[in-house]
C-alpha cells in the first residue's frame with residue numbers, strides 16, 4: 001500500500017511532475033508514517049463532518065424534519 005493512497009497526492013506536486021509514492025514499508029516504525037496515518041484519519045473525519053453538516057442544512061431547507 002502506498003502512503004500517498006492514504007493521504008492523497010499534492011496538487012502542486014502533481015502539476016510539477018513529482019511523484020509522491022513512498023510505501024508504508026519505507027517508513028515502518030517512523031514518526032513520518034504515524035503523521036501520515038493521523039493525517040489520513042483526520043482528513044476522513046473532516047470530510048464526513050462537512051458532508052453531514054451539509055445534509056442537515058439541506059433537509060432543514062427542504063422542510064424534511066423526519067429525515068433529521
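Rundown of residues vs (1) modelled with pLDDT under 90; (2) part of a helix (DSSP H, G or I); (3) surrounded by 13 or more Cβ atoms within 10 Å (Cβ to Cβ); (4) under 15 Å from the mean Cα position of the chain (by Cα), yes/no style:
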residue	(1), (2), (3), (4)
9	yes, no, yes, yes
20	yes, no, yes, no
38	yes, yes, no, yes
42	no, yes, no, yes
56	no, yes, no, no
59	no, yes, yes, no
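Residues of region 22-36 that are at pLDDT below 85 and assigned to a loop (DSSP other than H, G, I, E, B): 22, 28.
The values are calculated or read from the model by the stated rules, or taken from the named source; none is laboratory data. In this text the structure is predicted, and so the values were computed from the model without any measurement. With ideal geometry, Cβ positions are generated from the backbone for all residues, glycine too; neighbour counts draw on all protein chains shown.
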